[in-house]
Amino acid sequence: MFNFMKSGVDMNPVDSKIIPDMYKKKRIRVFASLFIGYIGYYIVRSTFKIAVPYLIENYHFTKADTGLIMGVLAVSYGISKLLMGLLSDKCNPRFYISMGLLFSALVNALFGFTHNIMVMASLMIPMGIFQGMGAPAAQKSLKFWWSKRERGFYYSAWSTSHNIGSAVAVAVSFLAFLLFQNATFLVSSIFILPSIFSLILAVIVFCLGQDRPTTFGLPAIDVYKNDPELVNDGKDDSQLRFGQIFVRYILKNRLLIFLALANACIYIARYGILDWIPTYLWEEKNFSKEEAILFFSLFEIFAIPGTMIMGILSDKLFKGLRAPLPFFASLLLIIPIFVYQSSTNHFVIAAALVILANCVYIPQMMVGLIAVEVTPNCAGGAASGITGICGYILGEVIASIFVGQIAENFGWKASFIVIGAASIFAAFFFLLVALLEIKTKRQKINRKRRIVV
């Protein structure tokens, strides 16, 4: 590991009088860096999906071709999220997140200089590797700077950055269309302009980002807020090797395994719908390419209020229990899927997409939050990684490659049956997670009572 990327050493405690002011100022910087940074990550990651109708029309790509390319990204990103998640547990998020975004943007720009299928598929490998440096480090940083009873709100607020990032990618693609609609390099500009924008955001992240609180002499957040974590066995695991962390806190954690399987299922639904919105509406519902891309942004933007509200409810109403909300959302997913597939009315399709977005993004947001909360600080990035590898390799690969293949050979209706089945399995696994989460919380309460007695 490059020494400059390592997390700093803990400093001597600062004067207690300045702790509240230091925490306030640094938390503003931390949240801004994480939010802006992940907007940049998603601008880059959404570009190819937006470009698909233009690739099909201008370069005669098939749905199977574009599905293959997106599938390569899913595999490389899934593997990277695990490996880079393990690495992020030892790194300073300021350097780690900004470097990942910098290289992601540079790779994305290269797509603008080719229309060869195999070259594009090959470029998705480094793209996935660098993209894996974003979410695990950000989720770990959120755990370090916000305590459990307030984390649901801040985590849900941060998670909306990817919705905003996808919407910004749409806006930038429209700018490219307006500027270069009659030019031969229209498709190239759809990749290059978002890359330039994300490079600027990478610099901002580097300037704003912060390391752990204790590296500034601040107390750990659970001590400062007097809000103990769900998992905190009092051991000092900071010197454990990657393999030891992975076996002790990942492979032996049943709740985390069920959570990873739930994530895989919800990702089939998420990307089975999201990846194909522009193509499906353009081919099946007689939308123009520009209208289809606009509806793609609806899926992202209108998920923001619901995601925020559910984060607050998990803090206030469910008292830190996270799994019940994604369980109910996964069950409800079947209804808007049917409406989206069967309707031809543009307004009804828009309404179905709004409901779909909330039913998909509420579970997706909660998965990352649950993962970091059911593991100690030394394994937060690894926990995010294992749920990510299941989500992207088991989930998005099916959604990107096989949904495209099913749609190509058996029609879109068959692909929606697969997506609906995935949402039912997601609800089942979230139910198992909820039961284990309740059991863990009860055990913690009983331990406290024994200590008091």
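Here, each number is a calculation from the coordinates, and none is a lab measurement. Predicted model only: the values in this text are computed from it and were never measured. Using ideal geometry, Cβ is built from the backbone for each residue, glycine included, and neighbour counts are taken over all protein chains shown.
At-a-glance table
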item: In nm, spacing of pseudo-spin labels at residue 247 and residue 28 (7 Å Cα→C-beta vector); result: 4.7 nm
item: Sequence of 122, 314, 384 once ranked by neighbouring C-beta atoms within 10 Å, starting from the fewest; result: 122, 314, 384
item: Cα→Cβ-extended label distance, 7 Å offset, between residue 125 and residue 344, nm; result: 4.6 nm
item: From phi via Karplus (6.51, -1.76, 1.60), per-residue ³J(HN,Hα) for region 93-100 in Hz, x at Gly/Pro; result: x, 4, 6, 5, 5, 5, 5, x
item: Least to most buried among 145, 276 (fewest other Cβ within 10 Å first); result: 145, 276
item: Links that overshoot a 23 Å alpha carbon limit, given the list 90/143; 140/225; 25/441; 252/316; 81/439; result: 25/441; 252/316; 81/439
item: Computed lengthening from residue 21 to residue 207, 0.36 nm per intervening residue step minus Cα-Cα distance; result: 65.0 nm
item: Label-point separation in nm, residue 443 to residue 220, each point 7 Å along Cα→Cβ; result: 1.9 nm
item: Karplus-derived HN-Hα couplings along region 10-18 (A = 6.51, B = -1.76, C = 1.60, θ = phi - 60°), whole Hz, x at Gly and Pro; result: 5, 8, 4, x, 7, 4, 4, 5, 9
item: Listed peptides 316-322, 50-56 by packing density, highest first (mean Cβ within 10 Å); result: 50-56, 316-322
item: Formal net charge of residues neighbouring residue 169 (Cβ-Cβ distance under 14 Å; K, R +1; D, E -1); result: 0
item: Local net charge near residue 337, Cβ-Cβ under 12 Å (Lys/Arg +1, Asp/Glu -1); result: +2
item: FRET E, pair residue 6, residue 254, Förster distance 25 Å, beta-carbon r, rounded to 0.05; result: 0.20
item: For region 337-412 and region 39-63, distance of Cα centres in Å; result: 18 Å
item: Relative contact order computed over the chain (Cα-Cα under 8 Å; 6+ residues apart), in percent; result: 27 percent
item: Sorted peptide list for 73-79, 335-341, criterion being average Cβ within 10 angstrom, highest first; result: 73-79, 335-341
item: At R0 = 30 Å, FRET efficiency that the Cβ-Cβ distance of residue 410 and residue 180 yields, to 0.05; result: 0.25
item: Order of 65, 21 under a 10 Å beta carbon neighbour criterion, fewest first; result: 21, 65
item: Percent of C-alpha pairs per 10 Å bin, the chain, short to long; result: 5, 22, 33, 25, 11, 4, 1, 0
item: Region 76-128: relative contact order as a whole-number percent, Cα under 8 Å and 6+ apart; result: 59 percent
item: Region 304-427, relative contact order in percent, only Cα pairs under 8 angstrom and at least six apart counted; result: 31 percent
item: Region 254-317 versus region 143-187: alpha-carbon centroid distance in Å; result: 13 Å
item: Qualifying trypsin sites (Lys or Arg not before Pro) in region 246-277, DSSP loop, other Cβ atoms within 10 Å at most 15; result: 252
item: Total formal charge among the other residues, if their Cβ is under 14 angstrom from that of residue 205, Lys/Arg +1 and Asp/Glu -1; result: +1
